[in-house]
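Asker: If you scroll down you'll find the structure; I have some questions about it.
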Amino acid sequence: MRTPVVDHAARRRRALRRRALWTGGEVLVTVGLVLMLLVVHQLWWTNREARRGADRKVEALERQWGEGRGGPKSGEPGGYSGASSDSGTLNTYGSSGSSGSPGPRGPAGSPDSSRRGGPLRPAVSEAYAVLVVPRLSLRAPVAEGVGKADVLDKGYVGHYPGTAQPGQAGNFALAGHRNTHGEPFRHLDRLRRGDTVTVETGAASYTYVVDQVLPRTSAADGGVIAPVPRSRVAPSYGYSRAGRYLTLTTCTPEFTSRYRLVVWGTLVSARPR
């Protein structure tokens, strides 16, 4: 009878391979769980928290106006040299005029803020208006500036510094996230010609009607937020004369920041509070 020979070295190698495979599997599972948690945080938690905060801010503004305290009248807006490329804003602002620059008069009887103690001058990151878009069932606070951490990531809509204020001559230009952090402009592509967009402030309510949609342009197309907005990438989109315009910008396609989607509207009515 032959005595079996045990190859201990081979057994050790097999054990080491099994241990390495097991350890590698554990690492992959752990990494997968971490990535899943990050996705949940970005796609669910940031939206939940930003929307709750934005809703509370809208309620606070409406309560403030109901108590007879108007919007901000003092304080200087800060300047931004640009914005993060994934915020839905444009990388360059292009030429922009003063928010109080001369221009055509608004609708008859409109409550021009320049005749009510001077133009609005909200402080940087201060929420001072509410954007209402019926087609999107959207009510979002509007804050001064397009900074990510202090405006857009809170679920707010940001006002491009240097562009006109609500109801004023020129271009009242706004930016908002399309994905994550409240994503107020998630369905901006659903807006169509003839849809209404209202901007409420402590002094008045301004209604704009959508009349142009630019499906895609460069993130550096600053012409779309100029006082007389016109795309420098697609010159057939935009306007050729001075007026009172509203511009809404966000990223496109969804979950990317390569291009910008732009919606334009024209002021049709202004109702004092």
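Please treat every number below as a calculation from the coordinates, not as lab data. Computed from a predicted structure; not experimentally measured. A quick note on method: Cβ atoms are made from the backbone with ideal geometry, for glycine too, and the neighbour counts reach across all protein chains shown.
Asker: Determine, for each peptide in 52-61, 172-181, 215-224, the mean count of other beta carbons within 10 angstrom over its residues, then list the peptides with the highest first.
Answerer: Working: 52-61: 16.3, 172-181: 26.0, 215-224: 19.6.
Packing order, densest peptide first, comes out as 172-181, 215-224, 52-61.
Asker: Further question: Residue by residue through segment 180-191, what is 3J(HN,Hα) from phi via Karplus (6.51 cos²θ - 1.76 cosθ + 1.60, θ = phi - 60°)? Round to whole Hz and write x for glycine and proline.
Answerer: Per-residue couplings from phi come out as 6, 6, x, 5, x, 9, 3, 10, 4, 5, 7, 5 Hz.
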